[in-house]
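All remarks here apply to the structure that follows.
Nothing in this text is a laboratory measurement; each read-out follows from the coordinates by a stated rule. What you see is a predicted model; the values in this text were computed from it and never measured. Cβ coordinates were reconstructed from backbone atoms using ideal geometry, including for glycine residues, and neighbour counts include every protein chain displayed.
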Amino acid sequence: MATTAPAIDREALRRKYAEERDKRLRADGSAQYVRLEREFSELAADPYTPRTERDPVTDHVTFAFIGGGFAGLVVGARLKEAGITDYRIVEKGGDFGGTWYWNRYPGAQCDTASMIYMPLLEETGHMPSEKYAHAPEIRDHCSRIGRQFGLYENVLFHTAVTDLEWDEGRKAWIVRTDRGDTFTAKYVGMATGPLHVAKLPGLPGIDEFEGKSFHTSRWDYGYTGGTPEGAPLDRLADKRVAIIGTGATAVQCVPHVAKTAKQLLVFQRTPSSVDVRNNIPIDPDWFAGVAEPGWQKKWQENFVANLGIGFPAEDLVDDGWTDLGKRIRAQVIDMPPEERTPDNVMAAFEDADNQKMSEIRARAEAIVGGDTGEKLKAWYRQLCKRPCFHDEYLQAFTRPNTVLVDTDGQGVERITRKGVVANGREYEVDCIVYASGFEVTNDFVSRSGYDVTGRQGTKLSDCWKDGMRSFHGLHIHGFPNLFFVQQNQAAGFIANYPHNLVDHADTVACVVRHAEIEGFAEVEPTAAAQQEWVDFLLSGPGARIGSTECTPGYYNNEGQGYGDQAVFTTGHPAGAQGFFTHIDAWRKAGEFAGLEFR
Ligand code: NDP
């Protein structure tokens, strides 16, 4: 398909993309936003689970994990399998799920295929109901993992860690929380999530609005009616609703609000790229044929291979994510081998991207058409912003009750007592839904809400003030028995985030099992191994995400980039596949090269 499509004028498109970006650049960058939890704490409260009083905990556990999302669950599962019985998760929410606990807005569903996205499907025997499962099913799955592996037994919900300190004498971490707990743990894992601190646009007048308002991660079904399971939002029938923001969250909830609200006004600053979704139910007979031992790992690895520059024989997931990889490969295959220089491969990448984005723009025109269709066209390269996939979002704008208020990149100006001001005009509404996203920063302390004090009083914030340093993204020199479960300096940015987590969980279990069997008190990467790993990472091409040539957004710190530190926010030079292959061999070797056990 890509090879026969008409050529697109690369230079003209670059100019158009730059124009659209420049329109949106603003001096205040990320400071344009305010934190829900800090500035609007009453809006940040947990609307889903009542908080129960309990006595502070002052005991000792073998392993404590900070964060009860996928990472805490999969690490817990693997450690239970490894024989660690006293595993404790500390979680801010009222149940497991992390982002899936908080995000219950109507229409929430995974954007990466359930078969590879939902962790431990094989271990739990769960068959996803759809190619892209909806949030309630994913949340139930989190509970399923929690129950199956006994993770509810020792958990502390509605609890935030405030401080983590290594006690050299006791060879244990002291964990302090906002519920007055002070307990110790031999090992600690941390996965507080890259996107969990909800933010609002710092608009003048935001606290003066007299109607109802909430952030999408605190959806108020009491006000809207309906349920996360999909019951119609019937209480909106006589309401004028504003949704501010058109990112991945808005793309999913707009169609549901559009179906029931008297009127829906969608305030757009930058359109998302919205490609075909093609969700389908999963057929149990088909699934039975697929679910042979080891199937999920095989599918996850196949997905990664299809996003990389290798030439895998099959594409098991076959969706919008793998399509881009296939298009690039098709262009490269067409190139005579002697022309496959890095510059030519990058040009092929750009052409494939241009082709893809022009199809996505044509989709907006075909489905919506007219002036609104034009305004819904995204003018940037696909990975400048989070790609979206939906078969009802664009269609919602063909409904008579749904209005796109495009602001030509300038955004909403302010909030009044009665509504929203954009393009110099006040729109009176009953309800404002802020689909304004989450704070993303390279600064771990600011995002997670606590610092980590390692050996000899060293603060993690000091160690990383010039950028992250780790061994395999998971271990940090100076911070024994600590595991940082996330993607950077490991597989890097991949469309199937949970793959990073299940892979790290295998490593954590492997290291802890070895330490426990051999009776070691501490495990820590050597300074030399960490340095060597970081140097190796920096020898690669660096991350493709976050360029300041892109339209502003959280990927590129609102157009300002992440400065010199950004080079450390990278993955294996050979991509995700390179990391997974490396770490698999590292684990199998059983030598724990780079780690020191004492
Ligand atoms: P985003 O940060 O992607 O979007 C925030 C939106 O608010 C943007 O459209 C932004 O515009 C807009 N905005 C901010 N200020 C203003 C203003 N003053 N006036 C008008 N609009 C404004 O947040 P999301 O919650 O949508 O998504 C965050 C991330 O969460 C996603 O990128 C994705 O990684 C993840 N996610 C995953 C899902 C899944 O896997 N199923 C579903 C939903 C989210 P602008 O673009 O111009 O900055």
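Summary table
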{"quantity": "D_trans [Stokes-Einstein, Kirkwood Rh over alpha-carbon pairs] for the range 104-235, 4 °C, 1.567 mPa s, µm² s⁻¹", "calculated": "70"}
{"quantity": "Normalised convex hull volume, the range 206-250, alpha-carbon set, Å³ per residue", "calculated": "97"}
{"quantity": "Cα pair distances in the range 95-139, grouped into 5 Å bins until the bin that holds the longest one, percent each", "calculated": "5, 24, 33, 25, 11, 2"}
{"quantity": "Taking the chain and dividing mean pair separation by its residue count, relative contact order in percent (alpha carbons under 8 Å, at least six apart)", "calculated": "19"}
{"quantity": "Mean Cα-pair separation over length for the range 501-593, i.e. relative contact order, pairs under 8 Å, 6 or more apart, %", "calculated": "24"}
{"quantity": "Radius 10 Å from Cβ of Val155, net charge of other residues (Lys, Arg +1; Asp, Glu -1)", "calculated": "-2"}
{"quantity": "Estimated Rh, the range 271-314: Kirkwood, alpha-carbon pairs, angstrom", "calculated": "13.1"}
{"quantity": "Most to least packed among 84-90, 409-415 [average Cβ atoms within 10 Å]", "calculated": "84-90, 409-415"}
{"quantity": "Integer Hz, Karplus 6.51/-1.76/1.60 couplings in order for the range 152-168, x for Gly and Pro", "calculated": "6, 4, 10, 7, 10, 8, 6, 9, 10, 6, 10, 6, 9, 9, 7, 9, 4"}
{"quantity": "Mean Cα-pair separation over length for the range 123-228, i.e. relative contact order, pairs under 8 Å, 6 or more apart, %", "calculated": "14"}
{"quantity": "Using alpha carbons only: equivalent-ellipsoid semi-axes of the range 28-108, gyration tensor based, whole Å", "calculated": "29, 17, 14"}
{"quantity": "The range 208-215 - phi-based ³J(HN,Hα) in whole Hz, Karplus 6.51/-1.76/1.60, Gly and Pro as x", "calculated": "9, 4, 9, x, 8, 8, 7, 8"}
{"quantity": "Kirkwood-based shape ratio for the range 427-513, expressed as Rg/Rh from alpha carbons", "calculated": "1.12"}
{"quantity": "For the range 346-478: rounded, prolate or oblate by the Cα gyration tensor [a/c cutoff 1.5]", "calculated": "oblate"}
{"quantity": "Dipole magnitude of the chain, debye to nearest 20 (Cβ charges: Lys/Arg +1, Asp/Glu -1, about Cα centre)", "calculated": "940"}
{"quantity": "Diffusion coefficient, µm² s⁻¹, Stokes-Einstein with Kirkwood Rh over alpha-carbon pairs of the range 281-437 at 25 °C and 0.890 mPa s", "calculated": "126"}
{"quantity": "Within-13-Å neighbourhood charge of Thr249 [Cβ basis; K, R +1; D, E -1]", "calculated": "+4"}
{"quantity": "Tail weight of P(r) past 27 Å, computed on alpha-carbon pairs of the range 34-162, percent", "calculated": "23"}
{"quantity": "Whole-Å semi-axes of the ellipsoid equivalent to the range 71-128 (Cα gyration tensor, √5λ, descending)", "calculated": "23, 17, 7"}
{"quantity": "Unit Cα scatterers, Debye sum, the chain: log10 I(q)/I(0) for q = 0.06, 0.09, 0.12 Å⁻¹", "calculated": "-0.31, -0.73, -1.34"}
{"quantity": "Label point distance in nm, Asp178-Asp55, each placed 7 Å from Cα along Cα→Cβ", "calculated": "2.4"}
{"quantity": "Two-decimal Rg/Rh across the range 440-598, once Rg and the Kirkwood Rh are taken from alpha-carbon atoms", "calculated": "0.97"}
{"quantity": "Under 5 Å, built H, 5+ apart or other chain: amide partners of Phe183", "calculated": "Val175"}
{"quantity": "Length released on extending from Asp167 to Asp466, taking residue separation times 0.36 nm less the Cα-Cα span", "calculated": "105.1 nm"}
